[in-house]
Structure formats: C-alpha cells, structure tokens
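The structure under discussion appears below in the form of structure tokens.
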Amino acid sequence: MEMEQPPSAPVCQAGCLLEGIMLQKPPPCFVYQRGEQIVPRERVFLICHGPVGYLWGSGPEHSCLEILGPGDICDSQGCPAGEYRTWALGEVGGHWIKRSQWLELLRDPVVEERFVSYMHKRQQRQHEWQLVLTRGSVRARVAWQLLDLAQRFGERNEQTQEIFVPIVLTQQQQAALCGTVRSQVWGTLREFEGKRWLVCGSQGFWVRDEGALRRQSHEGL
C-alpha cells in the first residue's frame, strides 16, 4: 500500500521567489524588525519583503553597504567571518533554506526564471552604480542612491507625488552606501534639503523633487 503524500501548499506572497510554487513542505517565513541581525551561517535567506542592509569591509573607513530587497538572497558563502553584517532596515520577511534545498528549488523552471530575472536586474543596477561611483560627483552618488531606494522601497503619495522611503541610516552607513566620507554625505543631504528636493526625518526620508534629483545623479558623467 502506497503512503499518501502530504498535500502541497503554495508558498508566500507577491515578490517572493517562491510565490505560488507548490511544495509539500513549504519553508516557514521568518519576520525581523528594524535593527535585528540576520545571520546566514550555513543557510541562505530569501528576502520576500523589506529592506536589508548588507555591510562588508575591514573597518569603518573601508566598508561598503548595499541595500538588498525582495528577490535578493543573503548568503555568507565567500565572506570572511566578521567582515560582513546583515540586518533589517525595516520589517523584513523571508525564508531560511539550506543551500542544498536552495539548489534543489532552482531546478523548478519558474523559480529559476525568476532568480535569473532578479539577478539580471541587480547586475544592471550594480553596473549603473559603478559608473556613477567611478565618474560621478559626490552629489551624483547621493542623488542616485536616494532615487534607487525610492524606486525599490518608496511609497508614493498620489496627490503630492512625493515619495516616502521608510529607511533610516546612520551617517557612517550613508558614507558606506555612497562610497565617500560622512561629512560629504551630510553636507550634500543638507544642500538637497535646502533646495527642497528632499526632507529627512526620524522614520525615513521624502523625495520631493524626483526630477531634480535625477538630473543631479548625472553630474560628472
């Protein structure tokens, strides 16, 4: 007599790499609040929603920060212990999966197609950022990062067209994100606020003039 297989269940929500995939044992979804550490260890973390800070480098003045989001993966493989840190920059949800299980999931054509699409978008974003980082001014770098975060994590007010981004970074994290020093980022943000392009608050920031920031992001290119 054949044993009955447990019924399959769809996984997670819109934006997740596993959205709608029918699995007999769906991986549970874990939720982190702002400031909580996300430590991959021997597993990968598939981000379903929310922003994740990924900081790596050998010290405060030699660190780089990338903001990961839905479709991205936190994986410690290839990163020396103690030289990277991942944490929630807001409410973050996702799945912890063993690497062997993740490789198995990638055999599903739908998961593979979504993963390739996400990776392509990320590579395009990284390529564009490298051009700005190499050739652009500090103002261009700050403007580019503000717009990138607004596009990926922002909430647009349809009446005012302002975009609110619920992400707060320290001055050191801002410097690591923009590839410069704290004083330059701080001065640039104050300049943008003075021009009424931007408003910074304790819960995030508002992009008030998207067009002006986009023009600024091309300075020096």
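Values in this text are rule-based calculations from the coordinates and carry no lab data. The structure presented is a predicted model; accordingly, all values stated were derived computationally and were not measured. Positions of Cβ are backbone-derived with ideal geometry, glycine not excepted, and every protein chain shown enters the neighbour counts.
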TODO: Mind listing just one residue for me: the one in region 100-120 that is within 16 Å of the chain's Cα centre (by Cα) and more than 17 Å from Cys74 (Cβ to Cβ) and, of those, surrounded by the fewest Cβ atoms within 10 Å (Cβ to Cβ)?
DONE: His120
- [ ] Identify the residue in region 129-181 that is among the small types (Gly, Ala, Ser) and over 18 Å from Arg214 (Cα atoms) and, among all such residues, is surrounded by the most Cβ atoms within 10 Å (Cβ to Cβ).
- [x] Ala176
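In this structure, is Thr188 more than 23 Å from Tyr84 (Cβ to Cβ), out of contact with any Leu (no Cβ under 6 Å at 6 or more places or on another chain) and among the hydroxyl-bearing types (Ser, Thr, Tyr)? It would help to see each step written out before you state the result.
Values: more than 23 Å from Tyr84 (Cβ to Cβ): yes; out of contact with any Leu (no Cβ under 6 Å at 6 or more places or on another chain): yes; among the hydroxyl-bearing types (Ser, Thr, Tyr): yes.
Yes.
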- [ ] Count, please, the residues in region 190-221 that happen to be surrounded by 18 or more Cβ atoms within 10 Å (Cβ to Cβ) and aliphatic (A, V, I, L, M).
- [x] 3
